[in-house]
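Notes follow once the structure below has been shown.
The values are calculated or read from the model by the stated rules, or taken from the named source; none is laboratory data. Predicted model only: the values in this text are computed from it and were never measured. Here the Cβ positions follow ideal geometry from the backbone for every residue, glycine too, while neighbour counts run over all protein chains shown.
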Amino acid sequence: MECVELETARQILRCPTEADINRIFTICQDADIASLTTVPHPYRLESATQFVSSVIPAGWSTGSSLVWGIYLKDPRSYSAWFRFPTSRTAPQNSGTGSTRSFGRRES
């Protein structure tokens, strides 16, 4: 299965890429993210790199875990990311990720 990209007037839903690694790392430094998700705290840059380069592609290739980033069309913004396990054995409501807004990055 390949990652599907969806687009609205204000947002793009797509798989995070290597260009997103530093932003994912920065966002995951927030202890609130760890308390609301399965993201470990402290979160290492190596973890963000592995997430983007291994975990996301493996989940999409098997169809077992589908990860998208939610990006505002304003290129300075990143809203969130989320994951939906697709396994029939996964518990109900087991999607994880960040659902809070992180505002605009400074240019």
(request) Report whether or not Glu2 is under 26 Å from Asp74 (Cα atoms), modelled with pLDDT under 90 and not aromatic (Phe, Trp, Tyr). (result) yes
(request) Those residues that are over 14 Å from Val39 (Cβ atoms), at pLDDT 90 or above and in a loop (DSSP other than H, G, I, E, B), I need them from region 9-29; list them, please. (result) Cys15, Thr17
(request) For Gly97, work out the one condition from (1) touching a Phe, Trp or Tyr at 6+ places or on another chain (Cβ under 9 Å); (2) assigned to a loop (DSSP other than H, G, I, E, B); (3) closer than 21 Å to Glu2 by Cβ; (4) modelled with pLDDT under 65 it doesn't fulfil. (result) (2)
(request) Could you tell me which of the residues Thr62, Thr26, Thr8, Thr37 is surrounded by 15 or more Cβ atoms within 10 Å (Cβ to Cβ) and out of contact with any Ser or Thr (no Cβ under 7 Å at 6 or more places or on another chain)? (result) Thr26
